[in-house]
Amino acid sequence: METRGYADGDDPESGGRRPLRAVGAVAFGIQCLPVVQFDAETVLGCIARCRVSFLPGSPTLYLSLLAHPRLGAYDLSSLRVAVTGAASIAPEQIRRMRKVLGFDVVLTAYGLTECCGLATVCRLGDALQIIANTSGRPLAGVEIRCVDAQGNDVIAGEQGEVWIRGYNVMRGYFDDEAASREALDDAGWLHTGDIGKLDAAGNLSITGRLKDMFIVGGFNCYPAEIEHLIGTHPAVAQVAVVGVPDARMGEVGSAFVVLREGEILSAEALLEWCRPGLANYKVPRSVAFMAALPTNAAGKVVKHELRAVQAMAGT
């Protein structure tokens, strides 16, 4: 039986093409329809014309489809499975993906190019909160650890750097021994630079990137944790948080928010709503509302552009 699918395009931040999904598709006889630069109209037309059944992508991709003014003009009845990652996703968005886009299955996953694109994934039958709040459990034959700065395992529920070991981990970067030594240790563990935590059942939650972490008055803040909470606000469609310089605290959080169509929300009201759910130092000090967040070809938010926007606003 022929299975039809869709693969996303280039990721400029990864330094080149991301052919891994396409290789897997070819190996199993799946028709793969790559789109070099994401465009909602193009993707919707492709789904309707080619009867796409499997559509992977970042949460931003699905939000863009849901917000498209001509969504109802396209036949999306072929859509069956969505696998998302790269950012947190709200339970309400999963419900809308099922109801409006028609997906039977919505799963979240985690991986990176250095481990062939996939390390953990939720399973069929997982509860909505597991799918929304975690990236699932390791693939068979893959090990996951969350470790402290000394490389010691942290306890369940505690944050640490995510390490991966298994058949899917790369041997090294091409012609870059220094970078290879930095990413891979002698025991075969890939040091991802991602921050996450494991629950008692082994589900992984990604809470941030080491490079995205900012320090507020001596306390570490990971944007993903803050973004996940703000993303549950009923008026919020998308959110990205970055650390920006502050004369007194060193750095503070700044949130960039896209509201759902027809919603009205003030910065003060949103920040007040955040306070019960976040430690005071994690609550952003400013909120900027935008029509859309800047994204790369893979649909990931380009945070350095947001930092530039904030820097210009502060001058």
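The values are calculated or read from the model by the stated rules, or taken from the named source; none is laboratory data. No experiment lies behind these values; they were computed from the predicted model shown. In this analysis, Cβ positions are derived from the backbone assuming ideal geometry, glycine residues included, and neighbour counts consider all displayed protein chains.
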Can you find a residue that is surrounded by 19 or more Cβ atoms within 10 Å (Cβ to Cβ) and either in a helix (DSSP H, G or I) or out of contact with any His (no Cβ under 8 Å at 6 or more places or on another chain) (or both) anywhere in region 148-158? no
Regarding Val169, is this residue aliphatic (A, V, I, L, M), closer than 20 Å to His191 by Cβ and in a loop (DSSP other than H, G, I, E, B)? yes
Which of the residues that make up region 84-99 are under 21 Å from the mean Cα position of the chain (by Cα) and farther than 22 Å from Pro223 by Cα? Arg95, Arg96, Met97, Arg98
Of all helices (runs of 4 or more DSSP H) fully inside region 1-73, the set with 2 or more residues that are surrounded by 15 or more Cβ atoms within 10 Å (Cβ to Cβ) and at pLDDT 85 or above is 40-50, 59-66
Selected residue [at pLDDT below 95, part of a strand (DSSP E or B) and under 30 Å from Leu63 (Cα atoms)] from Gly125, Gly193: Gly193
Conditions: (1) at pLDDT below 90; (2) under 27 Å from Arg96 (Cβ atoms). Gly277 meets all but one. Number of the miss? (1)
Region 102-155 - residue that is acidic (Asp, Glu) and over 22 Å from Leu79 (Cα atoms) and, of those, nearest to the chain's Cα centre (by Cα): Glu114
Does region 74-90 include one or more residues that are surrounded by fewer than 17 Cβ atoms within 10 Å (Cβ to Cβ) and assigned to a helix (DSSP H, G or I)? no
